[in-house]
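The values are calculated or read from the model by the stated rules, or taken from the named source; none is laboratory data. Because the structure is a prediction, the values reported are computed rather than measured. Cβ placement follows ideal geometry from the backbone for every residue including glycine, while neighbour counts extend to all protein chains displayed.
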Amino acid sequence: MKLLMPLWQRLLITIVVMLAASYIVGFIWQAILGFSLPSYVGGLIGGLAALPVWDFLKRIRPSAGA
């Protein structure tokens with residue numbers, strides 16, 4: 001049987017990465033351009049950052065001690 005990382009762990013890590021990417025890009029946007037990043041652009045960036053992370057986490061297997 002192939003052991004995978006539990007769904008709740010993958011979901012939690014993906015959400016954290018999504019929020020962090022959106023926040024960091026929004027902060028950089030504000031510093032460079034001087035106005036707020038539109039929320040739909042922040043969501044798009046966060047969603048695009050979450051896709052490769054989710055795929056990567058699906059491939060990770062938990063260690064034997066866990």
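Just to be sure before I move on: is TRP8 modelled with pLDDT of 90 or more, aromatic (Phe, Trp, Tyr) and exposed (fewer than 11 other Cβ atoms within 10 Å of the Cβ) in the structure I sent? Lay out the reasoning, then the answer.
Details: modelled with pLDDT of 90 or more: yes; aromatic (Phe, Trp, Tyr): yes; exposed (fewer than 11 other Cβ atoms within 10 Å of the Cβ): yes.
Considered against the rule, which asks whether it is modelled with pLDDT of 90 or more, aromatic (Phe, Trp, Tyr) and exposed (fewer than 11 other Cβ atoms within 10 Å of the Cβ), TRP8 comes out as yes.
Given the criterion at pLDDT below 90 and among the hydrophobic types (A, V, I, L, M, F, W, C), identify the matching residue among ILE60, ILE45. Even if it seems obvious, please write down each step before you answer.
Values: ILE45 fails: at pLDDT below 90.
Going through ILE60, ILE45 in turn, just one is at pLDDT below 90 and among the hydrophobic types (A, V, I, L, M, F, W, C): ILE60.
Output the residues belonging to segment 20-57 that are small (Gly, Ala, Ser) and either within 21 Å of ARG10 (Cβ to Cβ) or surrounded by 14 or more Cβ atoms within 10 Å (Cβ to Cβ) (or both).
Filtering segment 20-57 down to residues small (Gly, Ala, Ser) leaves 20-22, 26, 31, 34, 36, 39, 42-43, 46-47, 49-50.
Those that are small (Gly, Ala, Ser) and either within 21 Å of ARG10 (Cβ to Cβ) or surrounded by 14 or more Cβ atoms within 10 Å (Cβ to Cβ) (or both): ALA20, ALA21, SER22, GLY26, GLY42, GLY43, GLY46, GLY47, ALA49, ALA50.
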